[in-house]
Every structure is written in C-alpha cells, then in structure tokens.
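Just so it is clear, none of the values below were taken in a lab; they were calculated from the coordinates. Being a predicted model, the structure only gives us computed values, none of them experimental. We place every Cβ from the backbone using ideal geometry, glycine too, and count neighbours over all the protein chains shown.
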Amino acid sequence: MPGAAFATGDRVTLRTVESEDAPFIRDRSNDPLVREPMTLDGPRNLDSIEEHITGDTDDFVQFLVCLDDEAVGVDDAYVRRGEDAPAGADAVEPIGLVMLFGIDEREGNASFAYWLSPAAHGRGYGTEAAALGLDYAFDHRRLDRVNARVLDTNDASIGLL
C-alpha cells in the first residue's frame with residue numbers, strides 16, 4: 001500500500017514510496033512503454049528495486065504518483081490488484097513515479113524525471129504530478145534550477161516539459 005500523502009493536487013497525490021510498492025515499480029519500470037522512453041537499462045528485479053527504495057541518500061527523492069478516492073472507485077482499485085476491498089477501505093491506485101536526483105543543495109540544482117503506467121497516459125496526470133514534484137523542488141527544497149532530459153521521439157514528455 002502506498003505511503004503517506006505528501007502533496008495533493010486536483011486528481012493525483014504524491015505519496016511516500018514504501019517497500020510494499022516495489023512490485024508495482026518493478027513491473028511498470030520493466031514495461032517497454034516505460035523503460036524505453038526513460039532509457040532505463042534493465043531488467044530491474046525486485047531486490048534492486050527494494051534496495052533503491054530503502055537506500056539512504058541525500059541526493060535522491062522519489063514519490064509514488066497515485067489516484068485517490070474520487071478518481072478511483074474503491075472496488076475498481078482493488079479488483080485491478082486482484083483483491084477484494086475491505087470494509088471501509090480507501091482507494092489508492094499507484095500510477096507512476098516522480099523523482100529528483102543528483103540534488104546538490106549547495107549549488108541549488110537537481111535533475112527531474114517521471115514516468116506513468118501506460119494505462120494512465122494521455123489523461124493529464126503526468127502534468128499534474130510533474131507540477132507537484134517541481135513545487136516540492138522549488139518551494140520546499142529551495143532549489144534554483146531543475147533540469148530534465150527527454151528523447152526527441154517522446155512527444156508526450158516534450159509537451160509536458
């Protein structure tokens with residue numbers, strides 16, 4: 001189950017990444033529709049994902065991008081995970097990641113990356129998640145510069161940036 005809500009937008013919430021999220025991250029980051037535009041070298045196994053989640057580093061922050069309650073029906077969210085919804089359960093469906101890496105507090109800069117599950121593409125969730133991630137970078141971390149790289153074949157990401 002995704003962790004605590006950190007930043008909330010109109011339709012998405014950035015949540016802390018927890019060990020239980022490792023299978024979602026592994027499965028989606030190995031999907032060619034995610035892996036290739038992110039230029040991820042793969043494959044990524046569960047151990048490497050869990051090590052990355054629990055690793056202690058000051059120059060890296062990641063958030064799980066989630067749809068919450070109103071955007072996702074409780075029963076639908078659990079059905080997609082192959083589970084029955086417990087009584088009184090909240091619906092939280094992870095759809096991607098937002099990351100800041102190479103954070104240099106002294107120089108005031110970092111690199112920014114994001115990805116969404118293919119099923120969530122084309123709905124504006126990435127734009128909202130990126131805005132929340134950049135608000136964190138500039139407002140909370142007080143960074144001066146954030147850079148991002150994108151392949152010239154990734155029209156959706158170019159449009160988002």
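Put simply, when 141-154, 4-17 are sorted by average Cβ atoms within 10 angstrom per residue, most first, you get 4-17, 141-154. In terms of its alpha-carbon gyration tensor, segment 109-161 comes out oblate; a/c meets the 1.5 threshold, while b/c is at least as large as a/b.
For residue 95, the residues 5 or more places off, or on other chains, whose built amide H falls under 5 Å of its own are 65, 66, 67. Residues in segment 5-17 carry Karplus couplings, in order, of 5, 10, 9, 10, x, 5, 10, 10, 10, 8, 10, 5, 8 Hz; the curve used is 6.51 cos²θ - 1.76 cosθ + 1.60 with θ = phi - 60°, and Gly or Pro positions show x.
A simple spin-label model places the labels of residue 4 and residue 20 1.6 nm from each other, with each point 7 Å out along Cα-to-Cβ. What does the charge count around residue 144 come to, taking other residues whose C-beta lies under 14 Å from its C-beta (Lys +1, Arg +1, Asp -1, Glu -1)? Neighbour charge sum, excluding residue 144 itself: 0. Backbone amide hydrogens, once placed in the peptide plane, bring residue 148 within less than 5 Å of 112, excluding anything fewer than 5 places away on its chain. Distance between the pseudo-spin-label points of residue 142 and residue 104 (7 Å out from Cα toward the beta carbon): 1.9 nm.
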